[in-house]
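Asks: The structure that follows is given in the form of structure tokens.
The values are calculated or read from the model by the stated rules, or taken from the named source; none is laboratory data. The structure displayed is predicted, hence computed values, not measured ones. Here the Cβ positions follow ideal geometry from the backbone for every residue, glycine too, while neighbour counts run over all protein chains shown.
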Amino acid sequence: MKGIKLTPAGIVGELTEFNQKLISSYGTLLGIDDIDVGQTPSEVLYREDKLQLVRYCSDTPRACRTPVLICYALVNRPYVVDLEPKRSMVRRLLERGLDLYLIDWGYPDAADRCLDLDDYINGYLDTCVDQVRAHSGEDRINLLGICQGGTFSLFYTALYPEKIRNLITMVTPVDFQTEDNLLSHLAREVDTDLAVDTYGNIPGEMLNDSYNSLMPMRLGIQKNLAMPNQLEDREKALSFLRMEKWIYDSPDQAGEAFRQFVKDCFQQNKLVKNEMRIGDQRVDLARIRQPLLNIYGAQDHLVPPSASTPLADLTSTSDYEELCVPAGHIGVFVSGRVQKLVPPRIADWLIARDD
């Protein structure tokens, strides 16, 4: 309650106003039946197990011949890149004439507990890349990886460089043990064997609680106190609720993939040590010679800039660029003001390299 008057009358006035906003918010919520997300038209091109590969529909003339495949993280759902029309990285990229595909990993269940990184990278991701290549008629595609999906995209491009023309990483961890990485400090203390052997798949709700614990005041008390202002009218309420839906729409994590990712990346930092292995292959980032655009958030608390920028010295590309975005981890692709910065930069960068 900013600006509260520290007198009995002032406190009563502030509490009364807050209570009235709560009542008004309740009325707003009663008028909302459904929370719609991912509204950009798309078609499913391929299904395998829980995975779906979608292609977004667009009437905009093509400005870039090479298609773009978006690889999101296993954690949370990929519709955050198409949260609502005014905050949709997908729509902004389509408006720039890009041909967009996206991997929806789905919701793993008990049957998927033994899936490991080999299955995800050499199996699902490779198949999706081949599907996009076949559908588009292009031998090489552009790969855009976000968060853990960016790390997956680095793995993949190092293993299959002949299939990727340009690579874009967004809020992507590379060095998993920088001093200011709060998530890393937490992950390094996790007994992954005990967790996976106990749960099988790691519950998404448990991971959400872990992320929220990194910023308890901002993501807890401050957000709840500000909530009545977010629910003043229907449009503001829908924007708020779409984000809340995404935050808590957390798939469980396939146990073996979780075990390997936490151990090899967070706990042993194998990627920057050139010791990472996917299946029987070593991931050598020096094999990446493609043009590379690395986008990170200046205020990112999950993947701080220090975790992302070491990528500049680990590949063999002669065409490396960075874009530091004045936003946090999620704001890099959902912030209204960032919509005017990031998608145009991605589109222009890809179009300039569409040889």
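Asks: Could you please find all residues in segment 120-137 being over 17 Å from the mean Cα position of the chain (by Cα) and either in a strand (DSSP E or B) or under 11 Å from LEU69 (Cβ atoms) (or both)?
Replies: CYS128, VAL129, ASP130, GLN131, VAL132, ARG133, HIS135, SER136
Asks: Taking the criterion of being in contact with a Leu (Cβ under 8 Å, 6 or more places away or on another chain) and either buried (at least 18 other Cβ atoms within 10 Å of the Cβ) or part of a helix (DSSP H, G or I) (or both), would at least one residue in segment 109-119 satisfy it?
Replies: Step one: list which residues in segment 109-119 are in contact with a Leu (Cβ under 8 Å, 6 or more places away or on another chain), which gives none.
No, segment 109-119 has no match at all.
Asks: For segment 293-330, enumerate the residues that are in contact (Cβ under 8 Å) with a residue 24 or more places away in the chain, surrounded by 14 or more Cβ atoms within 10 Å (Cβ to Cβ) and aliphatic (A, V, I, L, M).
Replies: LEU293, ILE295, LEU302, VAL303, ALA307, LEU311, LEU314, LEU323, VAL325, ALA327, ILE330
Asks: A further question follows. Out of segment 91-108, which residues are more than 13 Å from the chain's Cα centre (by Cα) and either under 22 Å from GLU235 (Cβ atoms) or surrounded by fewer than 21 Cβ atoms within 10 Å (Cβ to Cβ) (or both)? Don't jump to the end; show me each part of the working.
Replies: Start the filter on segment 91-108 by keeping residues that are more than 13 Å from the chain's Cα centre (by Cα), which leaves 91-101, 106-108.
Scanning segment 91-108 gives ARG91, ARG92, GLU95, ARG96, GLY97, GLY106, TYR107.
Asks: Mind checking which pairs have a first residue in segment 160-187 that is within 16 Å of ILE146 (Cβ to Cβ) and buried (at least 24 other Cβ atoms within 10 Å of the Cβ) and a second that is among the charged types (D, E, K, R) and at pLDDT below 95, Cβ under 8 Å, 6 or more apart or different chains?
Replies: VAL171/ASP300
Asks: Counting only residues that are more than 19 Å from ALA111 (Cα to Cα) and loosely packed, with under 15 Cβ neighbours inside 10 Å, which one in segment 188-204 is farthest from the chain's Cα centre (by Cα)?
Replies: Filtering segment 188-204 for residues more than 19 Å from ALA111 (Cα to Cα) gives 188-192, 194.
Among the residues that remain, those that are also loosely packed, with under 15 Cβ neighbours inside 10 Å are: 189, 191, 194.
Working: GLU189: 23, ASP191: 25, LEU194: 27 Å.
Checked segment 188-204; the qualifying residue farthest from the chain's Cα centre (by Cα) is LEU194.
Asks: Same structure, new question: Looking at segment 158-169, which of its residues are under 17 Å from ASP313 (Cα atoms) and assigned to a strand (DSSP E or B)?
Replies: Filtering segment 158-169 down to residues under 17 Å from ASP313 (Cα atoms) leaves 158, 167-169.
Within segment 158-169, LEU167, ILE168, THR169 meet the criteria.
Condition check ((1) in a helix (DSSP H, G or I); (2) among the acidic types (Asp, Glu); (3) at pLDDT 95 or above) across all residues:
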{"residue": "GLY150", "(1), (2), (3)": "yes, no, yes"}
{"residue": "TYR156", "(1), (2), (3)": "yes, no, yes"}
{"residue": "LEU183", "(1), (2), (3)": "yes, no, no"}
{"residue": "GLU189", "(1), (2), (3)": "no, yes, no"}
{"residue": "ASP197", "(1), (2), (3)": "yes, yes, yes"}
{"residue": "LEU207", "(1), (2), (3)": "yes, no, no"}
{"residue": "ASN212", "(1), (2), (3)": "yes, no, no"}
{"residue": "LEU219", "(1), (2), (3)": "yes, no, no"}
{"residue": "LEU225", "(1), (2), (3)": "yes, no, no"}
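Asks: Just give me the residues in segment 123-158 being surrounded by 20 or more Cβ atoms within 10 Å (Cβ to Cβ), among the hydrophobic types (A, V, I, L, M, F, W, C) and on the phi < 0 side of the Ramachandran plot, in sequence order.
Replies: LEU125, CYS128, VAL129, VAL132, ILE141, LEU143, LEU144, ILE146, PHE152, LEU154, PHE155, ALA158
Asks: Suppose we filter ASP249, ASP313 for residues that are among the acidic types (Asp, Glu), modelled with pLDDT under 95 and closer than 30 Å to ASN122 by Cβ; which single one remains? Spell out the reasoning first.
Replies: Details: ASP313 fails: modelled with pLDDT under 95.
Result: ASP249 is the single residue among ASP249, ASP313 that is among the acidic types (Asp, Glu), modelled with pLDDT under 95 and closer than 30 Å to ASN122 by Cβ.
Asks: Here is a follow-up. For segment 32-84, give me every one of the strands (runs of 3 or more DSSP E) that falls completely inside it and has 1 or more residues that are surrounded by fewer than 15 Cβ atoms within 10 Å (Cβ to Cβ), touching a Ser or Thr at 6+ places or on another chain (Cβ under 7 Å) and touching a residue at least 40 places away in the same chain (Cβ under 8 Å). I'd like the intermediate steps shown before the answer.
Replies: Numbers: elements: 42-48, 51-56, 68-71, 82-84.
The strands (runs of 3 or more DSSP E) meeting that bar are 42-48.
Asks: If you don't mind, there's one more thing I want to ask. For segment 79-97, does any single residue satisfy the condition of being under 30 Å from VAL196 (Cβ atoms) and among the hydrophobic types (A, V, I, L, M, F, W, C)?
Replies: Yes, the conditions are met somewhere in segment 79-97.
Asks: Right, something else. Name the helices (runs of 4 or more DSSP H) wholly within segment 236-355 that hold at least 3 residues that are acidic (Asp, Glu)?
Replies: Where helices (runs of 4 or more DSSP H) fall fully within segment 236-355, none carries at least 3 residues being acidic (Asp, Glu).
Asks: Here's a check for you: in segment 13-61, which residue that is over 30 Å from PRO108 (Cα atoms) and β-branched (Val, Ile, Thr) is modelled with the highest pLDDT?
Replies: The residue in question is THR60.
Asks: Report, by residue number, each residue of segment 104-130 that is farther than 20 Å from GLN290 by Cβ and polar (S, T, N, Q). Reasoning before the result, please.
Replies: First, pick out the residues of segment 104-130 that are farther than 20 Å from GLN290 by Cβ: 104-120, 123-124, 127.
The one that is farther than 20 Å from GLN290 by Cβ and polar (S, T, N, Q): THR127.
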